[in-house]
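This report concerns only the one structure given below.
The values are calculated or read from the model by the stated rules, or taken from the named source; none is laboratory data. Not measured: the values here are computed from a predicted model. Here the Cβ is made from the backbone with ideal geometry for all residues, glycine too, and neighbour counts use every protein chain on show. What goes into the accessible areas is simple: the full protein's heavy atoms, side chains included, and nothing from ligands, DNA or RNA. Shrake-Rupley method; radii C 1.70, N 1.55, O 1.52, S 1.80 Å.
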Amino acid sequence: MPKTKFEDAIYTIIMATIMVYGMIVYNVALNTGGVSGQTFLLATHEMIIMVPVAFVLEFFIVGKIAQKLAFTVMKPTDRPQFITYAISICICCIMCPIMSLVATILFKDQHTFGTWIQTWAMNFPMAICWQMFYCGPLVTSSPTYRGGGFPNLGGFGSRSIVPMC
């Protein structure tokens, strides 16, 4: 786990960047009807806006709320990986509707309640899977993450992020 505020910021930037990119690729593929080499290039254009939005939301607001929510069902003495899963799921549940709203306002042709709900509904399953099976394990096992894998969290969960969903 990041031990200082600076390490936490770096970790959140890495997680936000990977999550945002994956979710934008998914949304571009949905909008264009498939995945091609162009899909991966088109996704980079929205990152300039969405990565900072996701970072600010998660680092300053959502991370704290998600941790409090997770500990309503988890105890500090529970297995660290289950605490991590609980926090990740809570972050997905909070970030997905927020980032879907941001994406609907900024990138969709129709800015209606129905468009936002559809965007959220289409993205939520992908966001959960992307976070739990790919992005989270990739970031926590990277050389920049001390300890790799699921380290001893000392009773506190890891911070994950689910932007652009």
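Quick notes on this one:
- Tilt relative to the chain, helix 5-32 - C-alpha long axis, 0 to 90 degrees, to 10: 30 degrees
- FRET E, pair residue 36, residue 141, Förster distance 22 Å, beta-carbon r, rounded to 0.05: 0.15
- 0 to 90° range, to nearest 10: angle between helix 113-129 axis and the chain longest Cα axis: 50 degrees
- Segment residue 121..residue 105, full-extension length gain: 4.2 nm, with 0.36 nm per residue of separation and the alpha-carbon distance subtracted.
- The accessible surface of the chain, taken with every protein chain in place and a 1.4 Å probe, is 72 percent carbon and sulfur.
- Rounded to the nearest Hz, the phi-derived 3J(HN,Hα) couplings of segment 87-102 under the Karplus curve 6.51 cos²θ - 1.76 cosθ + 1.60 (θ = phi - 60°) are 5, 4, 5, 5, 5, 4, 5, 8, 5, 4, x, 5, 5, 5, 5, 4, where x marks glycine and proline.
- The label point for residue 3 and the one for residue 64, both projected 7 Å from the Cα toward the Cβ, are 2.4 nm apart.
- Degrees, to the nearest 10: 37-57 long Cα axis against longest axis of the chain: 50 degrees
- Aspartates and glutamates with Cα under 19 Å of residue 3, excluding same-chain neighbours fewer than 8 positions away: 58
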